[in-house]
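The values are calculated or read from the model by the stated rules, or taken from the named source; none is laboratory data. Not measured: the values here are computed from a predicted model. Each accessible area value is taken on the protein alone, full model and side chains, heavy atoms only, with ligands, DNA and RNA left out. Shrake-Rupley method; radii C 1.70, N 1.55, O 1.52, S 1.80 Å.
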Amino acid sequence: MTTRHWVVRGRVQGVNFRAATRDRARTLGLECQVWNRDDGGVECVAEGDESRLEQLERFLHRGPSLAEVESVERVSG
């Protein structure tokens, strides 16, 4: 079991980013926590199979349709 931690920046608050990320993680069979940051970003910690975490990371780079992701920083994992 692997844990990954990311910070996503851009237009990611108020566009359903957290809910969409939790839904994607669930469909991938991952445990996931997602929260808004005070600086306007979103933080995500997920745990599970390495290949499924890679799929979640690819999702974070695009997000839901209204999001405008500028960067995804992998903090750990």
(message) Taking the 0 to 90 degree range and rounding to the nearest ten, how far is the long axis of helix 17-27 tilted relative to the main principal axis of the chain, both from C-alpha atoms?
(response) 20
(message) How much accessible area per residue does the chain have, counting only protein heavy atoms and a probe of 1.4 Å, in square angstrom?
(response) 57
(request) Over all alpha-carbon pairs in the chain, figure out the percentage whose distance exceeds 15 Å. (result) 46
(request) Please determine, in degrees from 0 to 90 and to the nearest 10, the orientation of helix 50-62 with respect to the longest principal axis defined by the Cα atoms of the chain, where the helix direction is its Cα long axis. (result) 10
(message) I'd like the carbon and sulfur percentage of the solvent accessible area for the chain, probe radius 1.4 Å, heavy atoms only, ligands and nucleic acids excluded.
(response) 41
